[in-house]
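Okay, structure first, notes after.
The values are calculated or read from the model by the stated rules, or taken from the named source; none is laboratory data. All values reported here derive from a predicted model rather than from experimental measurement. Cβ placement follows ideal geometry from the backbone for every residue including glycine, while neighbour counts extend to all protein chains displayed. Note: accessible area is taken over every heavy atom of the protein model, side chains too, but ligands, DNA and RNA are not part of it. Shrake-Rupley method; radii C 1.70, N 1.55, O 1.52, S 1.80 Å.
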Amino acid sequence: MSFVRVPIKGWSKCVYEAASFESNPEYCAAKLLDADSSVIWWLRNDPVRLRIPSPAGFLEPDFLYSKTINGRQVIAVLEVKGEHLWNGPGSVARIKAAGAKAWARAIAEAKVDPEWHFHEVLGQDVESSHTLASMLDKAVLSFKGM
């Protein structure tokens, strides 16, 4: 059964009434975000509200979410990427992810509150994760603040 681009309701922490997804890994990531006790809210960046510049064009991340870490609020950007798009050191996906990581680092260096994080996780790693923490531990590229 395919649910690609079908709005799905019933989330407890999503800021929208319904969210649609482009892949099963994105749907799995949403379920992990919704189930995590430290997550305050999450949203699917659809329609696109956040575009992060990079040398290869804009990264339009799949998710934004807010969570509490050690009593502090953090805003995080999550991109779920198919393995076939991540291959090769000069792939567009890698260039865009590096740009997003640099963007998050620049925000951290500016001492903006709340702190911002960035995570790029491959689809297969999302699908094999049972918790948000285990998924983020498998990120191929991350920035977790200063």
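The table below lists the values:
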read-out	value
Of all residues making up the stretch 1-33, the number that are open to solvent by less than 60 Å² (accessible area, probe 1.4 Å), of a type in the set (A, V, I, L, M, F, W, C) and not in a strand (DSSP E or B)	8
Index of the failed condition, V39 passing every other in (1) closer than 17 Å to V121 by Cα; (2) at pLDDT 95 or above; (3) in contact with a Leu (Cβ under 8 Å, 6 or more places away or on another chain); (4) of a type outside the set (K, R)	(1)
Whichever residue in the stretch 75-126 is within 20 Å of E22 (Cβ to Cβ) and charged (D, E, K, R) and, among such residues, is nearest to the chain's Cα centre (by Cα)	E79
S129 part of a loop (DSSP other than H, G, I, E, B), surrounded by 15 or more Cβ atoms within 10 Å (Cβ to Cβ) and under 16 Å from the mean Cα position of the chain (by Cα)	yes
Cross-chain or 6+ apart pairs with Cβ under 6 Å, the stretch 5-27 first and within 16 Å of P61 (Cβ to Cβ) and of a type in the set (D, E, K, R), then at pLDDT 95 or above and assigned to a loop (DSSP other than H, G, I, E, B)	E26/D62
Selection from the stretch 1-57 of residues that are closer than 15 Å to M135 by Cβ and among the aliphatic types (A, V, I, L, M)	A29, A30, L32, L33, A35, V39
Whichever residue in the stretch 14-65 is of a type in the set (F, W, Y) and in contact with a helix residue (DSSP H, G or I) (Cβ under 6 Å, 6 or more places away or on another chain) and, among such residues, is nearest to V92 (Cα to Cα)	F21
Matching residues, the stretch 58-88, being open to solvent by 20 Å² or more (accessible area, probe 1.4 Å), in a loop (DSSP other than H, G, I, E, B) and acidic (D, E)	E60
Top-ranked residue in the stretch 34-54 [being among the basic types (K, R) and part of a loop (DSSP other than H, G, I, E, B); ranked as least open to solvent (accessible area, probe 1.4 Å)]	R51
Residue in the stretch 85-93 that is touching a Pro at 6+ places or on another chain (Cβ under 8 Å), touching a residue at least 24 places away in the same chain (Cβ under 8 Å) and on the phi < 0 side of the Ramachandran plot present	no
Filtered residue count, the stretch 89-124, keeping only those that are open to solvent by 30 Å² or more (accessible area, probe 1.4 Å), in contact with a helix residue (DSSP H, G or I) (Cβ under 9 Å, 6 or more places away or on another chain) and either under 23 Å from P25 (Cβ atoms) or among the aromatic types (F, W, Y) (or both)	4
